[in-house]
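What follows is a set of notes on a single structure, which appears directly below.
The values are calculated or read from the model by the stated rules, or taken from the named source; none is laboratory data. Please read all numbers here as calculations on a predicted model, not as lab measurements. Reconstructed Cβ throughout: ideal geometry from the backbone, glycine too, with neighbour counts over all protein chains shown. Accessible surface areas use protein heavy atoms only, side chains included; no ligands, DNA or RNA. Shrake-Rupley method; radii C 1.70, N 1.55, O 1.52, S 1.80 Å.
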Amino acid sequence: MSSGSWWPVAVPIAVAGAASTGLAIVVNLATGDGPWWMWVLVAFLTVAGIGISVWLDEAQLDAS
């Protein structure tokens, strides 16, 4: 593994962590009598998390 090869894996991991944390916060707010649009944000962040998981899988395959 060369010194620059960690970058394609580290970026998707950081994005996945941020999206997961954001999703947890929004679900917490939405279930506490939040406005209806919070549930739209929950759905969007869920789909984004799936996309990030695929991106991360591809990045790991490319790094190996």
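Looking only at residues of segment 10-24 that are open to solvent by less than 40 Å² (accessible area, probe 1.4 Å) and modelled with pLDDT under 90, we find that the one that is nearest to A43 (Cα to Cα) is A19.
The set of residues in segment 25-37 that are open to solvent by less than 60 Å² (accessible area, probe 1.4 Å) and not β-branched (V, I, T) comprises A30, G32, G34, P35.
Just one of the numbered conditions (1) surrounded by 15 or more Cβ atoms within 10 Å (Cβ to Cβ); (2) at pLDDT below 90; (3) part of a helix (DSSP H, G or I) is not true of D62: (1).
Of these, V40, V54, which one is modelled with pLDDT of 90 or more and surrounded by fewer than 16 Cβ atoms within 10 Å (Cβ to Cβ)?
On the way: V54 fails: modelled with pLDDT of 90 or more.
None of the others qualify; the one that does is V40.
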